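Down below is the structure, laid out as structure tokens.
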Amino acid sequence: MKATEKYRRVFGSMSHLKESMPWTIGLSNMVEFLVWEPQRILGVSKKQYVRQIIEWATAPELKDKEVEEIESIVSKKLNHKMSESEQLETYSKQTMGICSAREAVRRITFFSEEYLNKELDIFLSLCSDNYFDQFYGQFMRFDQGGSWSIHGNSGIFEASTELKAMYMDNLAYNHQSNMLVANELKFNGRKNPDQLLKYCLMYEHLLEKGFIDKGAKFLLLFIGGSALESNKQRLVDRELALCHKRPKKYQYLLRQELLDIVDCLEVASITWQSLIEFNNRYLAENSLCQVEQKLLQGFNQSLQSKSFMHLSR
């Protein structure tokens, strides 16, 4: 049985992006992120962690020692390592090395792009349809008033779509408006050199598998520390130039079918600071229930606490 089949059997699946996932999926996505990337908790890769323990336990001076004594000595060395790497300043740039639970939480909360991705999954899954209409309406014209469904980069998404050529961050889909938005997060970095073409590959795959409807509008929205260049054609030309330089690696992105999708793709960007400002305007201009008010205010507070909001000043 394939891994995707095992996943679907245990956790279920979906057959179309119009299917809404409960917001609690965002919590299980967070667990998946930590389970598949244990270095976020340990501070180093699992292989490095195990090797370090083995080196300590097999040191010549521990030869012929009892297991209990070896365990005690190794535990002391481990505690010393964790103490050495722990930082007492919120935005200390030191984020490497075996760490304690407290230091792991600091690194994840303030420095991890993946963790921010999961926070955004939960945030968007709880936002109202009106919020999406107003937010995406800044970048693209579409028929508003439909229902939005949100999908993070989860095991359910991967096992259902069997999309393995790339990893997306977050998708928003409006079935009534037949509109797909790919939210691509950048903690404070630049777009990947082949990202537009890979998102077109994703669109093609979702269309072929029946997860979106034919003719769906497609917006690729970059959310990051700085605005992306606004000229789509220049961005695409650079990606194509890269692919032509390395045709053996990128041949699968040079098909005419993908270039046809590029023609229909809309590309936009917004900074994290501009997103905070939009949320504040939305709060001021709309009569919101207390739950949505707390949702927007809480997400703004989390964004304002991230390292990129402080270290770039």
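The values are calculated or read from the model by the stated rules, or taken from the named source; none is laboratory data. The model shown is predicted, which means the values in this text are computed figures rather than measured ones. Please note: Cβ atoms are built from the backbone with ideal geometry, for glycine as well, and neighbour counts cover all protein chains shown. Remember, those area values only see protein heavy atoms, side chains included, never the ligands or the DNA or RNA. Shrake-Rupley method; radii C 1.70, N 1.55, O 1.52, S 1.80 Å.
Taking square-rooted eigenvalues a ≥ b ≥ c of the alpha carbon gyration tensor, is region 107-218 rounded, prolate or oblate, where a/c under 1.5 means rounded and, failing that, a/b exceeding b/c means prolate? It would help to have the intermediate numbers written out before the result.
Values: a/c = 1.57, a/b = 1.16, b/c = 1.35.
Oblate is the answer for region 107-218, as a/c is 1.5 or above yet b/c matches or exceeds a/b.
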Let a ≥ b ≥ c be the square roots of the eigenvalues of the Cα gyration tensor of region 1-141; is it rounded (a/c under 1.5), or, if not, prolate (a/b larger than b/c) or oblate? oblate
Go ahead and run the numbers for FRET between L78 and V35, Cβ-Cβ distance against an R0 of 30 Å, rounding to 0.05. 0.90
Along the charge dipole of region 1-148, pointing to its positive end and built from +1/-1 on Cβ of Lys, Arg, Asp and Glu, which listed residue (M1, S20, P38) has its Cα farthest out? M1
For the chain: relative contact order, % (alpha-carbon pairs under 8 angstrom, 6 or more apart): 19 percent
Considering the chain as a Gaussian network with a 10 Å cut-off on Cα pairs, which listed residue, D143, D169, D129, attains the greatest mean-square fluctuation? D143
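Rounded if a/c is under 1.5, else prolate if a/b beats b/c, else oblate: with a ≥ b ≥ c from the C-alpha gyration tensor eigenvalues square-rooted, which is region 199-268?
Working: a/c = 1.99, a/b = 1.07, b/c = 1.86.
The shape class here is oblate.
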More than 33 angstrom apart: percent of Cα pairs within the chain: 36 percent
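Quick one: compute the contact order of region 62-157, relative version, from alpha carbon pairs under 8 angstrom and 6+ residues apart, as a percent.
On the way: 44 pairs, mean separation 16.3, N = 96.
Relative contact order of region 62-157: 17 percent.
Just to be sure I understand: of the beta bridges DSSP finds with both ends in the chain, what percent are antiparallel, rounded to 5? Could you put the intermediate results ahead of the total?
Working: 10 of 24 bridges.
The antiparallel fraction comes to roughly 40 percent.
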Selected from Q138, I98, L163, residue furthest toward positive end of dipole (the chain; charges at beta carbon): I98
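In deg cm²/dmol and to the nearest 500, what is the mean residue ellipticity at 222 nm of the chain if only DSSP H runs of at least 4 residues count, each as -39500 (n - 2.57), divided by the residue total?
Computed mean residue ellipticity for the chain: -16500 deg cm²/dmol.
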Hey, in the GNM for the chain with a 10 angstrom Cα cutoff, which one of K191, K118, K164 fluctuates hardest? K164
When ligands, DNA and RNA are left out and all protein chains stay put, how many square angstrom of accessible area per residue does the chain have with a 1.4 Å probe? 54 Å²
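Once the other residues with Cβ under 9 Å from the Cβ of I108 are scored (Lys, Arg +1; Asp, Glu -1), what is the net sum? Walk me through the intermediate numbers first.
On the way: positive: R40, R106, R107; negative: E114.
The answer is +2.
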For the chain, the percent of accessible surface on carbon and sulfur atoms (probe 1.4 angstrom, ligands and nucleic acids excluded) is 51 percent
Report the residue, chosen from T95, T58, T271, that carries the largest GNM mean-square fluctuation when the chain is represented by alpha-carbon nodes joined by springs under 10 Å. T58
Taking H as built 1.01 Å from N, whose amide H comes closer than 5 Å to the amide H of C99, not counting residues under 5 places away? G43, V44
